1. Identify the single condition in (1) under 18 Å from the mean Cα position of the chain (by Cα); (2) at pLDDT below 90 that LEU11 does not satisfy, given that it satisfies every other one.
2. Give THR307, THR294 a once-over and let me know the one that is at pLDDT 95 or above and of a type in the set (S, T, N, Q).
3. If PRO302 satisfies every condition in (1) assigned to a loop (DSSP other than H, G, I, E, B); (2) buried (at least 18 other Cβ atoms within 10 Å of the Cβ) but one, which is the exception?
4. THR274: touching a residue at least 24 places away in the same chain (Cβ under 8 Å), farther than 25 Å from HIS195 by Cβ and of a type in the set (Val, Ile, Thr), yes or no?
5. Failed condition for ALA269, given (1) closer than 30 Å to SER177 by Cα; (2) not assigned by TED's automatic domain parsing to the domain that holds TYR60, with all others met?
6. Step by step: first the residues of the range 65-93, then only those that are under 16 Å from LEU253 (Cβ atoms) and aliphatic (A, V, I, L, M), then the one that is surrounded by the fewest Cβ atoms within 10 Å (Cβ to Cβ). Which residue is that?
7. For GLY229, are the conditions met, namely being modelled with pLDDT under 95 and either small (Gly, Ala, Ser) or touching a helix residue (DSSP H, G or I) at 6+ places or on another chain (Cβ under 8 Å) (or both)?
8. If the Cβ limit is 6 Å and pairs must be 6+ apart or interchain, which residue in the range 277-293 that is farther than 20 Å from GLU344 by Cα and part of a loop (DSSP other than H, G, I, E, B) pairs with which residue that is at pLDDT 95 or above and among the β-branched types (Val, Ile, Thr)?
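The values are calculated or read from the model by the stated rules, or taken from the named source; none is laboratory data. Since this is a predicted model, take the numbers as computed values, not measurements. Quick reminder, even Gly has a Cβ in these numbers, built from the backbone with ideal geometry, and neighbours come from all protein chains shown.
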Amino acid sequence: MTYALPHVSQLKPYSSVPSAQERPEAAATIKLDQNESPYPPSPFVREQMKALLEQAVSRYPSADYGKLKSAIAEHHAVSPAQIICGNGSSELITMLFHTFIGLGGTIAMPYPSFNFYETAANAAQAKLIRVETRADFTIDVDALLAAQAAAIALVNPNAPTGRLLALGEVERLVRLSKGLVVIDEAYIDFAGLPHTAIPLVEKYPNLLVLRTFSKAHGLAGTRVGYGLGHPSIIDALHLTKTIYNISATSESLAIAALADQAYTKQIAANIRTTRIQTEAALRKLGFDVVPSDTNFLLCTPPDRDATPDAPALKRRLAEHGVAVRYFDAPRLQDKIRISIGTEEEMKGVMALIQQWYQ
């Protein structure tokens, strides 16, 4: 017997991979399957973690996280009234479906992309319209507009492909759309700030930009994300927000991370350099690599014995303590996604791959 609503009983849970905490062998694993930062968080964050040992946890956190909103507002030169924070940007994705899409509503999104949007759409009984990317995985703005959905969502740079849509094309999408446009910038720090759509928020009242502390800031475990948009969008989202959705600890660490932009920029630069080196090494071995502006590479391994090699390579790397991501989904079955680790980690991984293909 189930007490769940009929549509809930038919849902499929979001499919992720085991976290480092769930792996007993995590200490011996080079974890390149969740696009996390391979570096520790900022020294500012580590100092704040020590200070938090003295902080009382018996009291509720701020329901409005005013200090965090003020820090974000100052960083992006916007008003706190244009900001909403969530328990990771994934909570904000769920909220936008319940706030703006709802039962029977439609949202268009490139395919392939971050599949949690489809999970959230199904839970809200909304319809996600998949709009195929081009053969090279670039985004087709005209096709997104032609879908005539009530809203459009775009991860930029996209995941799992790594492709970046130029800011001019992003603005064209927002300008020509008749509904809400969500630009998810989880990986934008690895592309460079000139590509962000945040300056467009002042110009377009139908734009919502999502950000996260999980990637370049190295705070995936704290679960903090935020959205920037017109106050009317933000006010509506607050109506479906869970109370106390960000812990006092997470708020304090996020504020500390924002205060050390020099460190975040250096980490992003390190990852970009290592990504370029890794891409060149993979291409030298015959891999087809999708151009990336993120902290990962989506690539097609060369065939061995005339058989597709992606699942076999994933297993081979796992046997040597290296975790990468494989997607058993259309257009992705012959590919693996490799998150970028430290320079030392990637040299070790490339040595293993080179042995496999010798």
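1. Tallying (1) under 18 Å from the mean Cα position of the chain (by Cα); (2) at pLDDT below 90, LEU11 fails exactly one: (1).
2. Values: THR307 fails: at pLDDT 95 or above.
Only one candidate qualifies: THR294.
3. (2)
4. Judged against the criteria, THR274 is not a match.
5. Looking at each condition in turn, ALA269 falls short on (1).
6. ALA71
7. On the way: modelled with pLDDT under 95: no; either small (Gly, Ala, Ser) or touching a helix residue (DSSP H, G or I) at 6+ places or on another chain (Cβ under 8 Å) (or both): yes.
Spelling it out, it is not the case that GLY229 is modelled with pLDDT under 95 and either small (Gly, Ala, Ser) or touching a helix residue (DSSP H, G or I) at 6+ places or on another chain (Cβ under 8 Å) (or both).
8. VAL290/THR161
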